[in-house]
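A.B. asks: I'd like to ask some things about the structure below.
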């Protein structure tokens, strides 16, 4: 992973290529990168609402369309984008070529609608780069070994870009988005939020999984695994964005703060099961039933058993509420409990920072800050570099603000 | 070419799959064919205006988009159709699979936007048919040897269907359209026009090239070359349509009329070059200049030279008028002529019939009929089974009506 070949991968999302004018702007940006000496591979998503429009079209034909055919349908969105971007680049006098996932050599497994990349044959891309062309690759898509078109699921174009950067040994992978980079907190809530200059993969993973929406989890995992340096930046200006790279490289450059960012997630529902008969294996049965329906359970708290009866609380994503109700109904006949409560008035607030590993007292400081704002903590979960608290949804904004200033994220750091 | 394997190819154009309801109707029709014992391959075009919409989108990005990228763009139209039709068939409980041109093994030459099929690897299609599936193939598209997407140009989906019928040794190829079949004349002009039950390839070619729009010339040529039986019929009813097949097969079944159909073409412009110095090679220079601009010249008439000066008239398609004017300007400096006249008030009327070959006097009867209607004949051209006359555009309807009744096409035949 030397990056000495001077290749960069630039990824533009659907809003960045939403109409002909925006496509022309992306073309200009890509040509500029080429002019400054890089060999450029561009990954694009489908234009604006194209994917949603295609899904709606399919819904008029079938209530539950087959996944193979859905991938056949949706992959046309990116194919349209790459052709138009190639035309726009050509119109500005520069040479380029568009490649579908298939033509770019992206081989996936057989899981339609949520495929994983298993290998990339980069020979065609390298050949086109060698002939001086800007190479434009359709994001989100690949083919399985039978030659059938697959799509990579949510955040798929980010994953395409990172995977290409890995197999092309690119200098780095630039993710263009509608924000300037990753911030210490949501700027819509905390006006003093600052752009973070550098993050480790682990921090980015924790931020992404605890509410920051700027990068998709899977793409960051892929970057981490293959050591691809990411640069998250705005498609509307030339400002330096946020670099995401190996922790060791960041430490060389700057003194790391204890807490890097504050995130929140209001897409949470808290389920409490009361009067649960406390016998061995009961928790396994309870959560097994949710797992069987592909419901991800996030935080879990079990109260101390009294007289052989306990209470278990856990959180799930809001979108799974309806199916969770059915699961609870079904459990009535299989395990013994008195009642179950579903509470959607909760949210999760988290602090993330690699520095936590070497600093004691971060958790107690977080609880102090929340307590100082009269915010009750309902549940707690931690990782080595993250602490999350479930609180009342109505308190989220004040919690984020208090944590951001309490951990001094509003002060200029010597980064 | 035995057709004993029970395969039929069904081709549906853009209007037949114009919206979700129409796609569902096509699905029903295809399933019915399968239920009656055939193994079914379906070829579909892009939905309704999709192709035009994509062309317009491209025009907003580039005045003259590259042909490779244009094919990349336009081929998405058919890809959308095949996915939706597969969903519709599945929704009705039948098993099917959609294949792009690439997946269907359709290999073309390198001529983007107007590619020719050079081979078809039918193994995937046969495998899917064997597993009991209805196979849906994207019309109009293929890939070249480099794996790049090509399109077949106008009428391309008809060509795809006929080519597949050929390599699959299909019983026949059904071309579904918005009319009931091929008629003895345009029913909008001649209310007594009758549907033709059987036509030879040669007749169909002459009809298609002289104005009948129901089948594209290239597809008929392909069918002729590979002896594919065509059945042109309506996508809106179950009526028997028009069969197109080898002349020898038709003769076995029915007594053939002398004239099979009357066609017209109002998309004609007559150019007359006056005072042309009559020296050897001047015609070659004149028409060479038009050929260099890809202008197809149809009828040509040269007046007898008087005093070393002659007049040449010829017809071209209306769409080439502007460029023809430029060619004539350019010729001024290279060959000697006095003036040139461009007349768009003309049209071509033709009679077609394999029986002409064995019947004398057909031409003189045609001229008599036109003369009887006071229609002046400006130019004449013939083939062994066609006679065409250029007349005033305003006389077209009366000419078609008179020829239709004069050759007794309005009488029931024992076909």
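The values are calculated or read from the model by the stated rules, or taken from the named source; none is laboratory data. As the structure is a computational prediction, the values presented were derived from the model and not from experiment. Counting neighbours? That spans all protein chains shown, and the Cβs are built from the backbone with ideal geometry, glycine included.
A.B. asks: Which numbered condition trips up residue B:87, out of (1) crowded, with 24+ Cβ neighbours inside 10 Å; (2) farther than 23 Å from residue B:232 by Cα; (3) in contact (Cβ under 8 Å) with a residue 12 or more places away in the chain?
C.D. replies: Failed condition: (3).
A.B. asks: Going by what's in this entry, would residue B:366 be described as at pLDDT 90 or above and either in contact with a helix residue (DSSP H, G or I) (Cβ under 9 Å, 6 or more places away or on another chain) or loosely packed, with under 13 Cβ neighbours inside 10 Å (or both)? It would help to see each step written out before you state the result.
C.D. replies: Values: at pLDDT 90 or above: yes; either in contact with a helix residue (DSSP H, G or I) (Cβ under 9 Å, 6 or more places away or on another chain) or loosely packed, with under 13 Cβ neighbours inside 10 Å (or both): yes.
Here the answer is yes, as residue B:366 does meet what is asked.
A.B. asks: (1) in contact with a strand residue (DSSP E or B) (Cβ under 8 Å, 6 or more places away or on another chain); (2) farther than 22 Å from residue A:411 by Cβ: which one isn't true of residue A:249, the others all being true?
C.D. replies: For residue A:249, the exception is condition (1).
A.B. asks: Related question: Can you pull out the residues in region A:153-168 that are part of a loop (DSSP other than H, G, I, E, B) and more than 13 Å from the chain's Cα centre (by Cα)?
C.D. replies: Residues of region A:153-168 part of a loop (DSSP other than H, G, I, E, B): A:153-155, A:168.
Matches in region A:153-168: A:168 only.
A.B. asks: Answer yes or no as to whether residue A:9 is in contact (Cβ under 8 Å) with a residue 40 or more places away in the chain, more than 12 Å from chain B (Cβ to nearest Cβ), outside any helix (DSSP H, G or I) and touching a strand residue (DSSP E or B) at 6+ places or on another chain (Cβ under 9 Å). Give the steps one after another, and end with the answer.
C.D. replies: Details: in contact (Cβ under 8 Å) with a residue 40 or more places away in the chain: yes; more than 12 Å from chain B (Cβ to nearest Cβ): yes; outside any helix (DSSP H, G or I): yes; touching a strand residue (DSSP E or B) at 6+ places or on another chain (Cβ under 9 Å): yes.
Yes, satisfied.
A.B. asks: Given the condition over 16 Å from residue B:262 (Cα atoms) and touching a residue at least 60 places away in the same chain (Cβ under 8 Å), answer yes or no: does some residue in region B:378-392 qualify?
C.D. replies: As a first pass, look at region B:378-392 and keep what is over 16 Å from residue B:262 (Cα atoms): B:378-379, B:392.
Now drop any that are not touching a residue at least 60 places away in the same chain (Cβ under 8 Å), which leaves B:378-379.
Among the residues of region B:378-392, at least one is over 16 Å from residue B:262 (Cα atoms) and touching a residue at least 60 places away in the same chain (Cβ under 8 Å), which makes the answer yes.
A.B. asks: Filter region A:283-336 down to the residues that are within 21 Å of residue A:379 (Cα to Cα) and more than 33 Å from the chain's Cα centre (by Cα), then identify the one that is surrounded by the fewest Cβ atoms within 10 Å (Cβ to Cβ).
C.D. replies: Here the answer is A:304.
A.B. asks: Right, another one. Using the structure shown, decide if residue B:175 is more than 14 Å from every other protein chain (Cβ to nearest Cβ) and buried (at least 23 other Cβ atoms within 10 Å of the Cβ). I'd like the intermediate steps shown before the answer.
C.D. replies: Details: more than 14 Å from every other protein chain (Cβ to nearest Cβ): yes; buried (at least 23 other Cβ atoms within 10 Å of the Cβ): yes.
Criteria met by residue B:175.
A.B. asks: A further question follows. For residue A:102, state whether it is modelled with pLDDT of 95 or more and touching a helix residue (DSSP H, G or I) at 6+ places or on another chain (Cβ under 8 Å).
C.D. replies: On the way: modelled with pLDDT of 95 or more: yes; touching a helix residue (DSSP H, G or I) at 6+ places or on another chain (Cβ under 8 Å): no.
No, not satisfied.
A.B. asks: Residue under question is residue B:93, and the condition is that it be free of Cβ contacts under 8 Å to residues at least 12 places away in the same chain and surrounded by fewer than 19 Cβ atoms within 10 Å (Cβ to Cβ); does it hold? Write out each step before concluding.
C.D. replies: Working: free of Cβ contacts under 8 Å to residues at least 12 places away in the same chain: yes; surrounded by fewer than 19 Cβ atoms within 10 Å (Cβ to Cβ): yes.
The answer is yes for residue B:93.
A.B. asks: Separate question: Can you spot a residue in region B:342-350 that is farther than 27 Å from residue B:185 by Cβ and surrounded by fewer than 18 Cβ atoms within 10 Å (Cβ to Cβ)? It would help to see each step written out before you state the result.
C.D. replies: So in region B:342-350, the residues farther than 27 Å from residue B:185 by Cβ come out as B:342.
Narrowing further to those that are surrounded by fewer than 18 Cβ atoms within 10 Å (Cβ to Cβ): B:342.
Looking through region B:342-350, at least one residue is farther than 27 Å from residue B:185 by Cβ and surrounded by fewer than 18 Cβ atoms within 10 Å (Cβ to Cβ).
A.B. asks: Further question: With a cut-off of at least 2 residues that are in contact with a strand residue (DSSP E or B) (Cβ under 6 Å, 6 or more places away or on another chain) and more than 12 Å from chain B (Cβ to nearest Cβ), name the strands (runs of 3 or more DSSP E) lying wholly within region A:46-145. If you could, list the steps in order and put the result at the bottom.
C.D. replies: Details: elements: A:96-99, A:106-108, A:117-120, A:134-138, A:141-143.
Ranges flagged: A:106-108, A:117-120, A:134-138.
Residue-wise test of (1) farther than 18 Å from residue A:175 by Cα; (2) surrounded by 23 or more Cβ atoms within 10 Å (Cβ to Cβ); (3) modelled with pLDDT under 95.
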residue: A:1; (1), (2), (3): yes, no, yes
residue: A:23; (1), (2), (3): no, yes, no
residue: A:27; (1), (2), (3): no, yes, no
residue: A:40; (1), (2), (3): no, yes, no
residue: A:60; (1), (2), (3): yes, no, no
residue: A:75; (1), (2), (3): yes, yes, no
residue: A:113; (1), (2), (3): yes, no, yes
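A.B. asks: If a residue has to be part of a helix (DSSP H, G or I) and either touching a helix residue (DSSP H, G or I) at 6+ places or on another chain (Cβ under 8 Å) or within 14 Å of chain A (Cβ to nearest Cβ) (or both) to count, how many in region B:30-45 make the cut? Walk me through how you get there before you give the answer.
C.D. replies: Kept after step one, since they are part of a helix (DSSP H, G or I), are these residues of region B:30-45: B:30-35.
Filter once more, keeping what is either touching a helix residue (DSSP H, G or I) at 6+ places or on another chain (Cβ under 8 Å) or within 14 Å of chain A (Cβ to nearest Cβ) (or both): B:30-31.
Matching residues across region B:30-45 total 2.
A.B. asks: May I pose another question? Restricted to region B:258-274, and to residues that are modelled with pLDDT of 90 or more and surrounded by fewer than 19 Cβ atoms within 10 Å (Cβ to Cβ), which residue is farthest from residue B:362 (Cα to Cα)? Full working, then the answer.
C.D. replies: First pass over region B:258-274, keeping only residues modelled with pLDDT of 90 or more: B:259-274.
The next check asks that each one be surrounded by fewer than 19 Cβ atoms within 10 Å (Cβ to Cβ); those that pass are B:266-267, B:272, B:274.
Working: B:266: 23, B:267: 25, B:272: 28, B:274: 32 Å.
This residue is B:274.
A.B. asks: Do we have residue B:17 as assigned to a helix (DSSP H, G or I), in contact with a strand residue (DSSP E or B) (Cβ under 8 Å, 6 or more places away or on another chain), within 14 Å of chain A (Cβ to nearest Cβ) and under 24 Å from residue B:142 (Cβ atoms) here? Don't jump to the end; show me each part of the working.
C.D. replies: Details: assigned to a helix (DSSP H, G or I): no; in contact with a strand residue (DSSP E or B) (Cβ under 8 Å, 6 or more places away or on another chain): yes; within 14 Å of chain A (Cβ to nearest Cβ): yes; under 24 Å from residue B:142 (Cβ atoms): yes.
For residue B:17, the condition - assigned to a helix (DSSP H, G or I), in contact with a strand residue (DSSP E or B) (Cβ under 8 Å, 6 or more places away or on another chain), within 14 Å of chain A (Cβ to nearest Cβ) and under 24 Å from residue B:142 (Cβ atoms) - is not met.
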